[in-house]
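Written out below as structure tokens is the structure these notes cover.
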Amino acid sequence: MPFSLEGKVALVTGASRGLGRADALCLARAGADIIVTDILLEDDEQNDATSEKLGPVSQIMVQSKTVYTKSTTQQIKDMGRKSAAFKMDVTNKEEVERVMGEVISQFGRIDILVNNAGTLDHTARLEDQNDDYWNRDLNVNLTGAYNCCKAVWKYMKEQKDGRIINMASVAGTHGGYGQASYATTKAGILGLTKSLALEGAKYQITVNAIVPGIINTEAFQFTNPSMRNRMIERTAFKRPGEPEDIANAIAFLSSKEASYITGVALPVAGGIDLFTF
Ligand SMILES: NC(=O)c1ccc[n+]([C@@H]2O[C@H](COP(=O)([O-])OP(=O)(O)OC[C@H]3O[C@@H](n4cnc5c(N)ncnc54)[C@H](O)[C@@H]3O)[C@@H](O)[C@H]2O)c1
């Protein structure tokens with residue numbers, strides 16, 4: 001690692017799999033202690049009902065027993081870092097505040113917040129849009145990130161130091177056919193990021209967004225194969241990114257070397273956002 005996060009405490013949301021899990025492991029490799037949070041925990045008796053509400057990808061992950069919240073914590077401890085796992089539904093404001101408070105009492109500080117939790121499991125044209133999914137996407141992707149920023153803000157303000165990294169998407173910068181709800185939430189994330197960057201500067205809190213293109217996570221594997229191929233063809237590299245591509249960018253934005261970078265929307269998208277022909 002060219003930069004060190006030693007002595008820092010990072011909290012990652014939606015880290016039971018995919019990008020969140022890769023981010024947690026990467027920040028730990030860079031030296032940070034890690035709080036792994038997700039609405040799903042291994043062996044939680046509420047998982048079946050929760051995953052049914054979350055949608056098809058989560059249902060498959062629960063049924064195939066591939067929820068890795070606590071086990072990621074163990075992997076991080078094996079690297080010699082401190083780590084803890086918490087069940088945290090980002091849409092539940094009280095739970096978010098309680099978990100952040102618990103982290104402060106156990107770890108003393110929160111230096112880095114990665115707002116990763118998200119839903120990306122459905123597409124529908126406007127006339128077919130299911131209102132429940134519309135509301136769920138707004139609640140998880142946008143209000144969830146807002147809840148976490150709000151809960152961590154007072155601690156970062158007191159510390160006069162903080163790094164918040166929000167997960168946007170090229171759907172938010174470019175729109176997406178059949179992705180009105182998802183794209184709206186990710187465009188909203190950019191507004192949240194830039195506004196909080198302005199408010200955080202006087203406390204040395206930086207707020208940035210990563211704008212992933214298509215990244216090879218479980219959620220991506222469950223997309224319709226012909227749609228998946230069309231998306232891959234649109235990248236300049238003709239391949240999807242790997243979770244570590246996102247995690248490395250997050251580790252950099254979390255470092256002291258990135259302390260003059262705030263309010264950016266950094267594409268990690270393999271050129272999917274470029275004009276190709
Ligand atoms: N994979 C991609 O190609 C891609 C592209 C652009 C943006 N993103 C964004 O990156 C993030 C992660 O994507 P992924 O591919 O790893 O998705 P994923 O579906 O595999 O992971 C999402 C995680 O969020 C958790 N989660 C869902 N609702 C939650 C809630 N209410 N509270 C707490 N946790 C909750 C899930 O349990 C899961 O662990 C998302 O915000 C997504 O929009 C991903």
Could you grab me the full set of residues in segment 128-174 that are assigned to a loop (DSSP other than H, G, I, E, B) and free of Cβ contacts under 8 Å to residues at least 12 places away in the same chain? Asn130
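Within segment 38-70, take every residue that is among the polar types (S, T, N, Q) and touching a Ser or Thr at 6+ places or on another chain (Cβ under 9 Å) and give me the one that is nearest to Ala15 (Cα to Cα).
The selected residue is Thr69.
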Subset of segment 209-244 [within 13 Å of the ligand (Cβ to nearest atom) and either of a type in the set (D, E, K, R) or in contact with a Phe, Trp or Tyr (Cβ under 9 Å, 6 or more places away or on another chain) (or both)]: Ile214, Glu218, Arg228, Met231, Arg234, Arg239, Pro240, Glu242, Glu244
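Please find, within segment 104-128, the residue that is surrounded by the fewest Cβ atoms within 10 Å (Cβ to Cβ) out of those that are among the polar types (S, T, N, Q) and under 24 Å from Thr37 (Cβ atoms).
Top of the filtered list is Ser105.
Starting from residues that are in a loop (DSSP other than H, G, I, E, B) and within 11 Å of the ligand (Cβ to nearest atom), keep the ones in segment 16-31 and report whichever is surrounded by the fewest Cβ atoms within 10 Å (Cβ to Cβ).
Filtering segment 16-31 for residues that are in a loop (DSSP other than H, G, I, E, B) and within 11 Å of the ligand (Cβ to nearest atom), the one surrounded by the fewest Cβ atoms within 10 Å (Cβ to Cβ) comes out as Arg17.
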Does any residue in segment 29-43 that is touching a residue at least 40 places away in the same chain (Cβ under 8 Å) come within less than 6 Å, Cβ to Cβ, of a residue that is basic (Lys, Arg) six or more places away or on a different chain, and which pairs are these? Ala32/Lys8; Asp33/Arg81; Asp33/Lys82; Leu41/Lys87
Quick one: would you say Gly175 is at positive phi, within 16 Å of the ligand (Cβ to nearest atom), surrounded by fewer than 19 Cβ atoms within 10 Å (Cβ to Cβ) and modelled with pLDDT of 95 or more? yes
Here the residues within segment 68-95 that are within 10 Å of the ligand (Cβ to nearest atom), buried (at least 23 other Cβ atoms within 10 Å of the Cβ) and assigned to a helix (DSSP H, G or I) are Thr69
Qualifying helices (runs of 4 or more DSSP H) (wholly inside segment 181-277; at least 2 residues being in contact with a Cys (Cβ under 9 Å, 6 or more places away or on another chain)): 243-254
Across segment 32-67, what is the total count of residues that are exposed (fewer than 15 other Cβ atoms within 10 Å of the Cβ) and among the acidic types (Asp, Glu)? 4
Pick out the one residue from Leu41, Leu27, Leu54 that is out of contact with any Pro (no Cβ under 9 Å at 6 or more places or on another chain) and within 22 Å of Phe252 (Cβ to Cβ). Leu27
Qualifying position, being aliphatic (A, V, I, L, M), over 22 Å from Thr123 (Cα atoms) and not in a loop (DSSP other than H, G, I, E, B), among Val62, Val36: Val36
Looking at segment 96-127, which of its residues are among the aliphatic types (A, V, I, L, M), assigned to a helix (DSSP H, G or I) and more than 14 Å from the ligand (Cβ to nearest atom)? Val103, Ile104, Leu126
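The values are calculated or read from the model by the stated rules, or taken from the named source; none is laboratory data. Quantities reported herein were computed from a predicted structural model and do not represent experimental measurements. All Cβ positions, glycine included, derive from the backbone under ideal geometry; neighbour counts span all protein chains shown.
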